[in-house]
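> I have a structure here, written as C-alpha cells, and I will follow up with some questions on it.
The values are calculated or read from the model by the stated rules, or taken from the named source; none is laboratory data. What you see is a predicted model; the values in this text were computed from it and never measured. Cβ atoms come from the backbone with ideal geometry, glycine included; neighbour counts cover every protein chain shown. SASA here: full protein model, heavy atoms, side chains in, ligands and nucleic acids out. Shrake-Rupley method; radii C 1.70, N 1.55, O 1.52, S 1.80 Å.
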Amino acid sequence: MTRNRGITEPAAEAAIDTACRVLRLPAIRGQFSELADRAEREQLTYRGFLAELFMVECDERDRRRAERQLRAAAFPRPKWLKDFDYDANPHIEPAIINTLATCEWVSKGAPLCLIGDSGTGKSHLLIGLGSAAAMAGFRVRYVLASKLANELVEAADDRQLTKTINRYGRVDLLCIDELGYMELDRRGAELLFQVLTEREEKSSVAIASNETFSGWTKTFTDPRLCAAIVDRLTFGGTIIETGTESYRLARTKAQHNGKP
C-alpha cells in the first residue's frame, strides 16, 4: 500500500490528530501545531523536530506520573522543602535537608527520624521529603501512627492483616507522622512492629515524633518492644532534632504584637 505524498495541510493535521489519539500521545496531539510552526521558523532538522516531539511527550508523562504518586501518598496538605523557613528554625541544617532531598536514602532503604516539639517543622519536613521522593518516582505513603495501628488491628480482626502489611510493605517510603503523641495498646504496637520489621533494611521509613526516644515508653509500654522499634528506626539512618521552640507560636506572638 502506497501513501499519497501530496497530502494537504488540513488532511495532515487530521491524520496526526487521529494517530495521536490511537497511540495515546496527548502532549504531542495538543502541542504539535505549535511545535511544527516553531521548528519551521528555527529550521530544525527532521531529527531535531522528532526529538522535540518525543521530549514533550516524555515530560508530560513524567508530570502526570508525579501527580499520581503525590495523590497515592495521601499527604494531608501540600508542603514543599523550598518553602521551609530555615531562619525560623536554626536547628535545621539546609545542607542535610538538601542531601536528603536527593532521595539516595530512599534508594538505600534507610530510615529517617525527625524528633522535636510541636511547631518546630517536623511534619513540614516529613511531607516535604516525602513529596520530593514521590516527584522522583518513588512510591510513598503517609499515615498517622495511631491511624496505622488502628488499621492494622481492624485488618487482623477481619483476617486481612497479611494483605494490609504487604500493602504497606510495597511502598518505597512510608512516612509515619505523630508517633509518640498518644499511647498505643500492646496489640496495635506489636502490629506496627510487624510493619517495621517487614521493611527493615529493604524499604525506607520516615517518622516524626514529639518525643525523644527515651520517652517512647509512653507510646510503646513494653520496654523490649520499644527498644526493638527504636533499633529498627535508627539503624543506619538519619536523626534530625528540630528543637523545642515552636516557630509557629513565635510567629503568632509576633503578629499579635504588631511585628512583621
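> What number of residues within segment 20-47 are under 35 Å from the mean Cα position of the chain (by Cα) and either surrounded by 11 or more Cβ atoms within 10 Å (Cβ to Cβ) or among the aliphatic types (A, V, I, L, M) (or both)?
Qualifying residue count, segment 20-47: 13.
> If only one of ARG77, ARG63, ARG141 is farther than 28 Å from GLY236 by Cβ, under 14 Å from the mean Cα position of the chain (by Cα) and not hydrophobic (A, V, I, L, M, F, W, C), which one is it?
ARG77
> Testing ALA101 on (1) open to solvent by less than 50 Å² (accessible area, probe 1.4 Å); (2) in contact (Cβ under 8 Å) with a residue 60 or more places away in the chain, one condition comes back false. Which one is that?
Of everything listed in (1) open to solvent by less than 50 Å² (accessible area, probe 1.4 Å); (2) in contact (Cβ under 8 Å) with a residue 60 or more places away in the chain, ALA101 misses just condition (2).
> Could you list, in sequence order, the residues of segment 81-110 that are in a loop (DSSP other than H, G, I, E, B), of a type in the set (A, V, I, L, M, F, W, C) and either modelled with pLDDT of 95 or more or over 12 Å from SER131 (Cβ atoms) (or both)?
Selection gives ALA88, ILE92, ALA101, CYS103, ALA110.
> Then there is this: Restricting the search to segment 130-173, which residues are part of a helix (DSSP H, G or I), among the β-branched types (Val, Ile, Thr) and open to solvent by less than 40 Å² (accessible area, probe 1.4 Å)?
Within segment 130-173, VAL153, THR164, ILE165 qualify.
> Within the bounds of segment 171-181, is there any residue that is at pLDDT below 90 and over 22 Å from ALA72 (Cβ atoms)?
yes
> With PHE49, PHE75 as the choices, which residue is more than 24 Å from ALA206 (Cβ to Cβ) and not small (Gly, Ala, Ser)?
Matching residue, one of PHE49, PHE75: PHE49.
> Here is a further query. Hey, among the residues in segment 188-221 that are assigned to a helix (DSSP H, G or I) and in contact with a strand residue (DSSP E or B) (Cβ under 9 Å, 6 or more places away or on another chain), which one's surrounded by the fewest Cβ atoms within 10 Å (Cβ to Cβ)?
Applying the filter and picking the extreme gives GLY215.
> Could you tell me whether ALA73 is open to solvent by less than 80 Å² (accessible area, probe 1.4 Å) and farther than 28 Å from LYS147 by Cβ?
no
> List every residue pair whose Cβ atoms sit under 7 Å apart, with the two residues 6 or more apart in sequence or on different chains, where the first one lies in segment 42-66 and is in contact (Cβ under 8 Å) with a residue 60 or more places away in the chain and closer than 19 Å to LEU23 by Cβ and the second, anywhere, is open to solvent by 50 Å² or more (accessible area, probe 1.4 Å) and part of a helix (DSSP H, G or I).
From residues that are in contact (Cβ under 8 Å) with a residue 60 or more places away in the chain and closer than 19 Å to LEU23 by Cβ, there are no pairs.
> Further, regarding this structure: Which of the numbered conditions does ALA66 fail, given that it passes all the others? Conditions: (1) buried (at least 17 other Cβ atoms within 10 Å of the Cβ); (2) closer than 30 Å to ILE28 by Cβ; (3) modelled with pLDDT under 95; (4) hydrophobic (A, V, I, L, M, F, W, C).
(1) is the only condition that ALA66 fails.
> Now, a different point. Tally the residues that are over 20 Å from the mean Cα position of the chain (by Cα), closer than 19 Å to ARG199 by Cα and of a type in the set (Lys, Arg), restricting the search to segment 150-170.
Final tally of qualifying residues: 1.
> Considering LEU53, LEU70, which residue is assigned to a helix (DSSP H, G or I) and touching a Ser or Thr at 6+ places or on another chain (Cβ under 7 Å)?
LEU70
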